[in-house]
Amino acid sequence: MTYPGFGAYGAYRGQIPMQMAMGQPVPGGVPSVAHAASSGYSVYSGAYAAAADPMWTFFSAISGQDGEVDAEELQRCLTQSGITGTYTPFSLETCRIMISMLDRENTGKMGFNEFKELWAALSAWKQNFMMIDQDRSGTVELHELTQVIVAMGYRLSPQTLIAIVKRYSKNGRIFFDDYVACCVKLRALTDFFRRRDSMQQGIVNLVYDDFLQCTMAI
């Protein structure tokens, strides 16, 4: 079994064209940078490389001396960056699960490399959302979220798709913040499952405590 949705950061592979490739600047945001290899780790290393990056000055102003941001700092950083454009800024809860998605050392914080990886993901997810939010209302309809999930490559049952739509909809619509939260959780849970599916068959044996550690953290 393969996991086509994982690592694609929500980039469409279906009929809806991507007008902006991942890594290109986001309208209203700070300059973006090319994404690293598919492993998810940045090609940057060392203080000199970070200082030379156009996003470092912006990130370091929020992170402070420790070079990392917690959920509240990430929320402030993303709000000030303007990456959401005309859409409502990300909630604190969405920022928490963003950190959990990339928190490989379980510190509860995000470093510069993880921030760059997140930025690339958000840039692509935002473009997907804008493709279906033609009237720029900041919301999409239920069937449109289902189309996005399928177009990302996730092969889910109708029952699972219905459960996801119900979880992230408000009064029959999905707001941008909830849409991103959905994308984050789909990627994080798929990553968790994929690492344990050594045979790539879509089946794993989970220890209860391991299951709780993952689901409660996201």
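Relative to the current alpha-carbon distance between Arg196 and Ala163, full extension at 0.36 nm per residue lengthens the span by 9.5 nm. Would you work out if the range 82-218 is rounded, prolate or oblate? Take a ≥ b ≥ c from the square roots of the eigenvalues of the alpha-carbon gyration tensor; rounded if a/c is under 1.5, else prolate when a/b is larger than b/c, oblate otherwise. Oblate.
Once you divide the Cα radius of gyration of the range 82-160 by 2.2 N^0.38 Å, the number left is 1.25. Note on Thr107 and Thr79: the model spin-label points, each 7 Å out from Cα along the C-beta direction, lie 2.4 nm apart. Taking the average, over residues, of other Cβ atoms within 10 Å as the packing measure, peptides 200-206, 123-129 rank 123-129, 200-206 from highest down. Extension gain for Gln65 to Leu189 (0.36 nm times residue separation, less C-alpha to C-alpha distance): 41.5 nm. The relative contact order of the range 85-218 comes to 32 percent, based on Cα pairs under 8 Å that sit 6 or more residues apart. Between the range 102-117 and the range 122-194, what is the C-alpha centre distance in whole Å? Value for the Cα centre distance between the two parts: 23 Å. Rolling a 1.4 Å probe over the protein chains gives Asp66 an accessible area of about 80 Å².
The values are calculated or read from the model by the stated rules, or taken from the named source; none is laboratory data. Quick caveat: nothing in here was measured; it's all calculated off a predicted structure. For neighbour counting, all protein chains shown are included, and Cβ atoms are generated from backbone atoms with ideal geometry for every residue, glycine included. Heavy atoms of the whole protein, side chains included, go into the accessibility calculation; ligands, DNA and RNA do not. Shrake-Rupley method; radii C 1.70, N 1.55, O 1.52, S 1.80 Å.
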